[in-house]
Structures are given as structure tokens and as C-alpha cells.
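Engineer: Below is the structure I would like to discuss, written out as C-alpha cells.
The values are calculated or read from the model by the stated rules, or taken from the named source; none is laboratory data. None of these values were measured; they are calculated from a predicted model. Cβ: placed from backbone, ideal geometry, glycine included. Neighbour counts: every protein chain shown.
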Amino acid sequence: MKHYGLTLNLKDDPDIIEEYKIYHQNAWEETLAGLKAVGITKMNIYLLGRRLFMAMETVDSFDIQRDFPRYLEQHPKCREWDELMRTFQEPVEEAQTGEWWAQMEPVFELTGNKDDE
């Protein structure tokens, strides 16, 4: 299993932020199925102010450069969802050129004790 942390900002508008949250309370089934189909096993998105943080778990064979584009290509509804969500979002200042969700560097992980295994 692989773990990823990604971040971006929502546009600085309280109405846009609320609308984004409402969309995610009613995420489209096709997009959820598409994420699972490319190997994403768990995804959480957190919000602080206008900064989003996405935590993902994936299968070992998941490749972020290959499989996110595959998610968008596999079904028109996945691409439609992504295009709609981008109207609410903007890359963070720290993002690399061409990067939308900026991949974060892992710096700490708490795991179980050997005694717990």
C-alpha cells in the first residue's frame, strides 16, 4: 500500500468554498468508481481556511503520474467532475510548474509497535 499527501487551494470566496463542500457531500458515483478502478483504496480531503489537504492510500502498483490521467480518460463523467472542481480550485504557490494538486513530502508516520504485531 502506498500513501500520498497532496494540497491545493480553493478560490478565496466563501460561497465557492461552501459550494465545493456541498459537491463533495454528494460526490458523483461514477467518479468514486473511477478512483477505485485506478487503484485508490482510500481518500480523505481536509479543509482549513481555503487550503485543501488530500490523503490517499493506493495499491502498490499505483503510479500517480500514470493513474491520475488514466482516471480522467476512462470515463467522461470523471473528466467532467475534474473540470468542474477545477473551477473552484487553484494551485498552491509551492506547486511545481504544471502541477495542480501539489504532492507533499512525507516527514513523519506513526505506526504500530512491534509488540502490537
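Engineer: List every residue pair whose Cβ atoms lie under 8 Å apart, where the two residues are 6 or more positions apart in sequence or sit on different chains, the first residue falls within region 71-92 and is at pLDDT below 90, and the second residue, located anywhere, is assigned to a helix (DSSP H, G or I) and not hydrophobic (A, V, I, L, M, F, W, C).
Structural biologist: TYR71/GLY34; LEU72/ARG79; LEU72/ASP82; GLU73/ARG79; GLN74/GLY34; HIS75/GLU30; HIS75/GLY34
Engineer: Is it true that some residue in region 77-93 is more than 24 Å from GLU18 (Cα to Cα) and exposed (fewer than 12 other Cβ atoms within 10 Å of the Cβ)?
Structural biologist: Checked against the condition, which is being more than 24 Å from GLU18 (Cα to Cα) and exposed (fewer than 12 other Cβ atoms within 10 Å of the Cβ), region 77-93 yields no hits at all.
Engineer: Looking at the structure I just gave you, is ARG50 touching a residue at least 24 places away in the same chain (Cβ under 8 Å), out of contact with any Leu (no Cβ under 6 Å at 6 or more places or on another chain) and not hydroxyl-bearing (Ser, Thr, Tyr)?
Structural biologist: Working: touching a residue at least 24 places away in the same chain (Cβ under 8 Å): yes; out of contact with any Leu (no Cβ under 6 Å at 6 or more places or on another chain): no; not hydroxyl-bearing (Ser, Thr, Tyr): yes.
So ARG50 does not fit the description; no.
Engineer: Can you pull out the residues in region 34-60 that are basic (Lys, Arg), within 17 Å of GLU90 (Cβ to Cβ) and loosely packed, with under 15 Cβ neighbours inside 10 Å?
Structural biologist: The answer is ARG51, and nothing else.
Engineer: Here's something else I'd like to know. I need the helices (runs of 4 or more DSSP H) fully contained in region 3-117, keeping only those with at least 2 residues that are among the small types (Gly, Ala, Ser).
Structural biologist: Filter on region 3-117 gives 29-37.
Engineer: Which residues, taken from region 43-70, are among the basic types (Lys, Arg) and at pLDDT 95 or above?
Structural biologist: Residues satisfying the conditions are ARG50, ARG51.
Engineer: Here's another thing I want to ask about it. Out of the residues in region 18-33 that are closer than 16 Å to MET54 by Cα and without any contact (Cβ under 8 Å) to a residue 60 or more places away in the chain, which is surrounded by the most Cβ atoms within 10 Å (Cβ to Cβ)?
Structural biologist: THR31
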